[in-house]
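Q: Encoded as structure tokens, here's the structure I'll be asking about.
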Amino acid sequence: NDLDAAKARAVAEEIGGVAVPGDASTVVPAARDALGGGIDTFCANAGVGTGGGPEADEALWETAWDVNVMAHVRAARELLPGWLERGRGRFVSTVSAAGLLTMLGSAPYSVTKHAALAFAEWLAVTYRHRGIDVHAVCPQGVRTDMLAGTGTAGDLVLKETAIEPEDVADSLFEAIADRRFLVLPHPETAGFYATRAAEPDHWLGGMNKMQQKLEELLAAEERQSADGPGEAAR
């Protein structure tokens, strides 16, 4: 599934699948029809990266909430009755390390990814004993178009340790084999998460220093832009 119909069809042809372009919320019924009634694993991977803080437009906040959270809720609503009836199913939620930590420069993304993690946790707590496995995939930087669009904040926080999508898939397969909820393609995320929980002020202080560095980089970029290429060269 993808909003880009051509890309969705290209991948479907490559893997012998069925393309369902459009809103991710429409995928479950179409997938059920294509598979003859049963869905074993659902990957809730649709996501949108929205920058800004409280000043971000209301529509951007609504889009982030709709795609990053409610698309997961709607999928689970469609899937759970069948899974509970047969006593098995697997829900894979692509969250992001931002759901465990935060993302500089992007309040809508950070907030909604925290909510996506909370929903995945709720599913696991509520249905694990009934045969439903839930996995929350929480990578840091992954070399995708979304990372390329994060700009200076992404370069500062994510670019240096970015990995390939295939690495994320490998981590997920390992977690599935172990029936492990939290999928951390960047193992160091666990340490950051532990520090955030055990020493929140220490963690906040470190993140705030990184925020200050980001502001310095953005100010330098703004000065360079105002000066023009000629001034920058001199």
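The values are calculated or read from the model by the stated rules, or taken from the named source; none is laboratory data. Not measured: the values here are computed from a predicted model. For neighbour counting, all protein chains shown are included, and Cβ atoms are generated from backbone atoms with ideal geometry for every residue, glycine included. Note: areas computed on protein heavy atoms with side chains; ligands, DNA, RNA excluded. Shrake-Rupley method; radii C 1.70, N 1.55, O 1.52, S 1.80 Å.
Q: Can you list residue pairs whose Cβ atoms sit under 9 Å apart, with the first residue in the range 62-79 being more than 19 Å from residue 127 (Cβ to Cβ) and the second being open to solvent by 60 Å² or more (accessible area, probe 1.4 Å) and among the basic types (Lys, Arg)? Count only pairs 6 or more apart in sequence or on different chains.
A: As it stands, the answer is none, since no pair meets every condition given.
Q: Could you grab the pairs with beta carbons closer than 6 Å, sequence gap of 6+ or different chains, first residue in the range 50-61 and in contact (Cβ under 8 Å) with a residue 60 or more places away in the chain, second one among the polar types (S, T, N, Q)?
A: Note: pairs meeting the criteria are 51/106.
Q: Looking at the range 177-194 only, could you name the residues that are surrounded by 15 or more Cβ atoms within 10 Å (Cβ to Cβ) and not in a loop (DSSP other than H, G, I, E, B)?
A: Hits for the range 177-194 are 182, 183, 189, 192, 193.
Q: Check the range 35-49 and report whether any residue there is farther than 27 Å from residue 131 by Cα, open to solvent by 30 Å² or more (accessible area, probe 1.4 Å), touching a helix residue (DSSP H, G or I) at 6+ places or on another chain (Cβ under 8 Å) and modelled with pLDDT of 90 or more.
A: No, the range 35-49 has no match at all.
Q: Let me ask another. If you scan the range 96-117, which residues turn out to be more than 28 Å from residue 219 (Cα to Cα) and open to solvent by 50 Å² or more (accessible area, probe 1.4 Å)?
A: Matches in the range 96-117: 114 only.
Q: Need the failing condition index for residue 143 against (1) within 20 Å of residue 67 (Cα to Cα); (2) at pLDDT below 90; (3) of a type outside the set (Ser, Thr, Tyr), just the number.
A: Unmet condition: (1).
Q: Looking at this structure, is residue 182 under 22 Å from residue 2 (Cβ atoms) and modelled with pLDDT of 95 or more?
A: It is false that residue 182 is under 22 Å from residue 2 (Cβ atoms) and modelled with pLDDT of 95 or more.
Q: Can you tell me how many residues within the range 5-20 are of a type outside the set (A, V, I, L, M, F, W, C) and open to solvent by less than 60 Å² (accessible area, probe 1.4 Å)?
A: Qualifying residue count for the region: 1.
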